[in-house]
Structures are given as structure tokens and as C-alpha cells.
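Everything below concerns the one structure shown next.
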Amino acid sequence: MALRVAVVGGGPAGSSAAEVLAKAGIETYLIERKLDNVKPCGGAIPLCMVSEFDLPPEIIDRRVRKMKMISPSNVEVNIGGTLKDDEYIGMCRREVLDGFMRERAEKLGTKVINGTMHKLEIPSNDKDPYTLHYADHSNGSLEGTPKTLKVDLVIGADGANSRVAKAIDAGDYNYAIAFQERIRLPEDKMAYYNELAEMYVGDDVSPDFYAWVFPKYDHVAVGTGTMKPNQSKIKQLQAGIRARAAARLRGGKIIRVEAHPIPEHPRPRRVVGRVALVGDAAGTVTKSSGEGIYFAAKSARMCAEAIVEFSEKGDRVPTEADLKVYIKRWDKQYGLTYKVLDILQTVFYRSDATREAFVEMCSDIDVQKLTFDSYLYKTVVPANPLTQLKITAKTIGSLIRGNALAP
């Protein structure tokens, strides 16, 4: 028998899964609605992703080596002094990154379908195939031609509003909303952001998250994010970040406005039957940094690796229990990272006093090293016990000075 797998969604998650499956010789279909999709997204990727996913230098627009953290009272802290010469945060455009990863999967044998999945028909037993009903847009039309595809397994990599997740009743999750304007700046203003990204905190820019100015190849992405109760205020918060960064954005021209949902925690069910969710569809975005590209690609890769392993390279159909091994491995590897970032968000994004304390803490070199290392290499880096103790003492000191421990 030849195992057939459909991957729904062609972002970094879908492409990573398809690449692993196709490499193993498994018959793989990738369904993506918009092949030139420009996802609104900060577009930051950690250093470990560049090597781990073999990304060529030309898809990275800028290498950020300096970061400014700006407190509610506009105290600026420069971080990045601990970076080695070859360390950086990659800034990329999603249309470039996604296109590269998808084409690579296609070259390895993935059949890419330009289509929109409308319905996933679920078999009544664990032997029969799943049937995907989709509109094929290869003729260039918006409504497309109705088609069906029968497969043994389905990977849902179709983002926060995942249709695959709805079809398997994976349950809901809370999500934050991100709003972003791409702004083309005059050359002198753009030079300032050469290797620099900025993060602003304060009630005026986000009551529970942060706002950002990230450099792209010929513009900056200026945006903010917030959670459920405050989403109606998103325009007001965006006006807040525009006002805070006004001097640096003077003379800029808005070239694009975009918004999208960001999951706040994993879905209640990430594997049901022979269907697995990965990336945003599964809810792999981290708290406090709101970062998702690396984790989306990594979750999909781990899912596909489990399929290759349990299908014995396509000779048998993996069961629900086999697919759930991917979830166990994922939670074991990254559970702690998510917990730590969740706590950080709860403690530090609570009030302007706690945010002042947070920014003050970021001026500490040990804290910077720990933060950057854990971001660049995606592990909650264990500092030596003395450093850890020093950091804890400084954290508490900062919180006390900011009167931030008051309820």
C-alpha cells in the first residue's frame, strides 16, 4: 500500500510537514488557497531556525543585532550587547519565506494544489479514507472547480481559523489579535533601523502585550497585539504606538495595513482519529513574545517525523495513538518554555508599574544573555545557579522599586 497524506495550509508549518513526508517517499498533497499569501506577521525568526530548516541567506531581509526595550515612561534600554558576531534575529517577509519552503517541498515530490478546502468528510471507521472536498483555483477563478481527494491521514496546518480543526471538533481557544502597518520611511529614518528592532510596552500601546517596530527590507512593520477583552480598542492602541514612535516614523508612508488572530494556548484536542493539527491550528504560539513561525514549523516537522516513523516510511497507516506520540514529544520538549513565558506575561504585562520594572530588569546583562539565548536557540536556557539567583533577586528588586508587587 502507499500511504497518502493531505496537508491543508501552505505556510511554514504545512511546508515543513510536506517536506519531511515527501523526502520519505510518502505520497503527499499540499492544499494552499493563496500561493502568494502575504501573512501579516512580525516576521522574526530565531537563529536556530536558519540552520535547522536550512534557510538560505537571501530570504532574510535584515539581521537584527540590537533591540530597544522602551518602557511606559519612555525609558529606553538597549539589549543585544551579549550577542556574538554571528548571532542575530532574522527578519523576513512571509511571502518570501513561505514561497521558498513550499517550493522546496514541491521539488521533493509534494503535489501542491492551489485550492480551498471546504469540507473534510470523516470516515465511520478507522480503515476508510478521509475525503477532502475542495475548490481547485488552478484555472485562476475565485470560486474554482469542485474536486475531491481521498487520503489516509490529514495534517491541519491551516492557521488560527482552521477548517480542519472545526471538522474534527478540536475545540476552541482564546486568541489575541495583532494589527500592523507597514510603513516606508525616508532613507535617513530607515538607516536608524538598520540592525535595530524596537519593543514598546505600556497601557497606551497594549494592556496585555507589547507593540513593535521591526525593520524589513525597505520598510518597517509597526504593530501591536492584544487579547480578547480589548480587541475593540485595537485601532486606538495602534494610534498609541504611532504616537510613541512618531519622531522616528516622521515622513513615513503606509504601504499596507493588516490584522490577524494569534492563538493564546493549545487547542483542547490536537489529534483526533488520523487527523493532526500543527502550528497556529494547534495553538503553538508562545505567550509574552507572541512568536509562532519557528514553533509552527517545528511542530509540523515533529508531527511528520512521527508519521514517517509509525507508518514505517509509508507501509502502514498510523493510528490515533501513533499520532498522539507527536503531541507527547512536543509537550515534553517545549512545555516548560510555554509555562515560563506564560508566567512572564502574567507578572510583567499587568500594569505600567510592572512594565517599568520589566524594562529595568532588561538592562541587566545576565538577564539579556539568558533572554537572547533562550530566544535564539529555543530552549529555556538553564543559567548557572548563581546567575539564576542573581536574576531572581534583581527581578524582585525591580518589582519592589516599581511598586509592582501591589495587587
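Along region 3-8, what does the Karplus equation 6.51 cos²θ - 1.76 cosθ + 1.60 (θ = phi - 60°) give for ³J(HN,Hα), rounded to whole Hz, x for Gly and Pro?
5, 10, 10, 10, 10, 9
I need the Debye-formula profile for region 11-95: one equal scatterer per C-alpha, no solvent, reported as log10 I(q)/I(0) at q = 0.19, 0.20 1/Å, two decimals.
Ignoring solvent entirely, the Cα scatterers give -0.99, -1.04.
What is the dipole size for the chain, taken about its Cα centre, with +1 at each Lys and Arg Cβ and -1 at each Asp and Glu Cβ, in debye to the nearest 20?
So the magnitude is around 480 debye.
Work out how much length ARG256 to GLU87 would gain on full extension: take 0.36 nm times their residue separation and subtract the Cα-Cα distance, in nm to one decimal.
Stretched out fully, the ARG256 to GLU87 stretch lengthens by 57.8 nm.
How big is the convex hull of the Cα atoms of region 174-263, per residue, in Å³?
Hull volume over Cα atoms, normalised by residue count, gives 86 Å³.
Can you list, largest first and rounded to whole Å, the semi-axes you get for the chain by taking the square root of 5 times each eigenvalue of its Cα gyration tensor?
Equivalent ellipsoid semi-axes, largest first: 38, 23, 20 Å.
Compute the acute angle (0 to 90°) between the alpha-carbon long axis of helix 385-401 and the principal axis of greatest extent of the alpha-carbon atoms of the chain; round to the nearest 10°.
So the inclination is approximately 60 degrees.
Roughly what angle does helix 234-244 make with the longest principal axis of the chain, taking Cα atoms, 0 to 90 degrees, to the nearest 10?
It works out to around 40 degrees.
What number, in nm² with one decimal, is the all-direction average of the projected area of the convex hull of the alpha-carbon atoms of region 40-175?
Across all orientations, region 40-175 yields a mean hull projection of 13.0 nm².
Before rounding to the nearest 500, sum -39500 (n - 2.57) across all DSSP H runs of length at least 4 in the chain and divide by the residue total; then give [θ] at 222 nm in deg cm²/dmol.
Helix contribution divided over all residues of the chain: -11500 deg cm²/dmol.
Which of TYR294, TYR134, TYR217 moves most in a GNM of the chain, Cα contacts under 10 Å?
TYR217
Report the calculated FRET efficiency for ASN139 and GLU95 (r = Cβ-Cβ distance, R0 = 25 Å), to the nearest 0.05.
Result of the calculation: an efficiency of 0.65.
Taking the highest mean first, how do the peptides 330-339, 136-145 order by number of other beta carbon atoms within 10 angstrom per residue?
330-339, 136-145
Among ALA239, ALA281, ALA13, which one moves the most in a GNM of the chain with springs linking Cα atoms closer than 10 Å?
Sorting by GNM fluctuation, first place goes to ALA239.
All of the numbers you see were taken from the coordinates with simple rules; none came from a lab. Quick caveat: nothing in here was measured; it's all calculated off a predicted structure. Every residue, glycine among them, receives a Cβ derived from its backbone with ideal geometry; neighbour counts consider all protein chains shown.
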